[in-house]
Amino acid sequence: MTKLSELIAARVPRYTSYPTAPHFHPGIDPDVYRHWLQELDPAAPLSLYIHIPFCDTLCWFCGCHTTVVNAYSPVRGYLDLLHQELDLIAAELKPGHSVTHIHWGGGSPTMLRPSDIERLGRDLRGCFSIAADAEFGIEIDPRGFNPELAAALASAGITRASIGVQDCDPAVQRAINRIQSMEETTRAVELLRGVGIGNLNIDLIYGLPHQTVAGIERTVDAVLALDPDRLAIFGYAHVPHFKKHQNLIPLAALPGPEERFAQAEAAQARLREHDYIPIGLDHFAKLGDSMANAQRRGRLARNFQGYTTDNAPALIGLGASSIGSFPQGYVQNLSDVPTYRAALQAGRLPVARGIALSNDDRVRRHVIERLMCDLSVDLDGVAALYGKTRAMFAGPLQVMRGLAEDGIVAVDGGRITVLEPWRAATRLVCSAFDAYLDNDVGRHAVAV
């Protein structure tokens, strides 16, 4: 039998894509991207992701592409670049596309001034046809959030907000350089609801320095008082070799693998007690929420922002470091703003790298997404969709039988199901189907 500590300490990808981003390469260049855009079926809906890579303070736990700025001029100049990229993208698309999902992420999108929030909303509508029922989401930093920002978000068309909380304990907040009172969070919630943005998510993190099971439970109780529609509870990924600022977090203060697992389990139990439905690996939603409905219908999807109801076949990433997903493969923009700017000023799509999907990639991506979303997959059914048979999974099935002996999965012919007590280890199960996974595990986060 495999030890619990060995299983939950294994380092595996988060599977927001497959193949995962470390396997992207420079062979996907602006010319390839242009052809992919031109090949999109105009009858198919589009999804847009806009990255705002700026913050006014650095949270030491952060793994995002972002830069701390002390003046607003770089942010204003960046909006000009986004407008240029929007124009370039729109020029390559056939007429007729409808946008059904939009998400602004960061960084801190609410660093934008109210007038610039409204401007970016106008720019999007000037370049794309936005469906009347489109979901338009944004990530919110409650610190400094004010009535003018709330009104601007409503004017821009925002329909859903994800509010970053992470943890309510002052000791944890000091250790991650994110001081945020519950009063600030509550005020942001009230302001958003006051302007009609009532679809609210709250984001928490476990595995942070000085966190305990009891502390996680107190944080969950505090945010439940705000009555959010959804919660996401992510495991902190400590990768200081990749994000140098994480070295500011004291390693000795981080909980070990078994404590992390206990924190995840405690948070999940608390949410179940309050009738939130577990969604995939780390999301939770009220029973009637659209994400809970999508999971029930087998329509839940996964992208670079986590779980989503977005089933558009193409997601266009805009802004420095953003990633797009297409029927043909993945594309990532240049990550730093100066090179992103240089490409746009030269009239080029600001592409850095990507990967084209093989048929094998598509089969494995389908399997991994269903496991991540449904905790279950019919290997025979998926293989048949791509003209394959279960035989292509001989190696992964052998791994599954070992996990079945450990009580982590159930194997019934070609049906693999992650057992409920092991929901938090779903990524470990998915990794058996990853043909790219190598021994360079240092780039990945622990499984739980």
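The values are calculated or read from the model by the stated rules, or taken from the named source; none is laboratory data. These numbers were taken from a predicted model, which means no experiment stands behind them. Glycine gets a Cβ as well: all are built from the backbone with ideal geometry, and neighbour counts include every protein chain shown.
Checked against the criterion of being at pLDDT 95 or above, in contact with a helix residue (DSSP H, G or I) (Cβ under 6 Å, 6 or more places away or on another chain) and assigned to a helix (DSSP H, G or I), segment 393-414 has at least one qualifying residue.
Residues that are among the basic types (Lys, Arg) and either assigned to a helix (DSSP H, G or I) or at pLDDT below 95 (or both): does segment 353-361 have at least one? There is no residue in segment 353-361 that is among the basic types (Lys, Arg) and either assigned to a helix (DSSP H, G or I) or at pLDDT below 95 (or both). If you go through segment 236-286 and keep only what is part of a strand (DSSP E or B) and either farther than 21 Å from residue 427 by Cα or not assigned by TED's automatic domain parsing to the domain that holds residue 65 (or both), you end up with 276, 286. For segment 17-65, the set of residues classified as assigned to a loop (DSSP other than H, G, I, E, B), crowded, with 17+ Cβ neighbours inside 10 Å and of a type in the set (Ser, Thr, Tyr) consists of 17, 18, 20, listed by residue number.
Between 304, 284, the distinction of being aromatic (Phe, Trp, Tyr) and at pLDDT below 95 belongs to 304 only. Of note, residue 330 satisfies the criterion of being crowded, with 23+ Cβ neighbours inside 10 Å, under 16 Å from residue 302 (Cβ atoms) and modelled with pLDDT of 95 or more. Give the residues of segment 307-339 that are under 18 Å from residue 109 (Cα atoms), assigned to a helix (DSSP H, G or I) and among the hydroxyl-bearing types (Ser, Thr, Tyr), sorted by residue number. Across segment 307-339, there are no qualifying residues. Take the conditions (1) farther than 28 Å from residue 26 by Cβ; (2) at pLDDT 95 or above; (3) assigned to a loop (DSSP other than H, G, I, E, B); residue 292 misses just one of them, which is (3).
What about residue 402, is it in contact (Cβ under 8 Å) with a residue 24 or more places away in the chain and farther than 22 Å from residue 298 by Cβ?
yes
Matching residues to (1) at positive phi; (2) out of contact with any helix residue (DSSP H, G or I) (no Cβ under 9 Å at 6 or more places or on another chain); (3) surrounded by fewer than 17 Cβ atoms within 10 Å (Cβ to Cβ):
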{"site": "124", "(1), (2), (3)": "no, no, no"}
{"site": "132", "(1), (2), (3)": "no, yes, yes"}
{"site": "135", "(1), (2), (3)": "no, no, no"}
{"site": "139", "(1), (2), (3)": "no, no, no"}
{"site": "142", "(1), (2), (3)": "no, no, no"}
{"site": "146", "(1), (2), (3)": "no, no, yes"}
{"site": "149", "(1), (2), (3)": "no, no, no"}
{"site": "153", "(1), (2), (3)": "no, no, no"}
{"site": "156", "(1), (2), (3)": "no, no, no"}
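When we screen 385, 428, 437, 344 for residues that are modelled with pLDDT of 95 or more and not assigned by TED's automatic domain parsing to the domain that holds residue 234, the only hit is 385.
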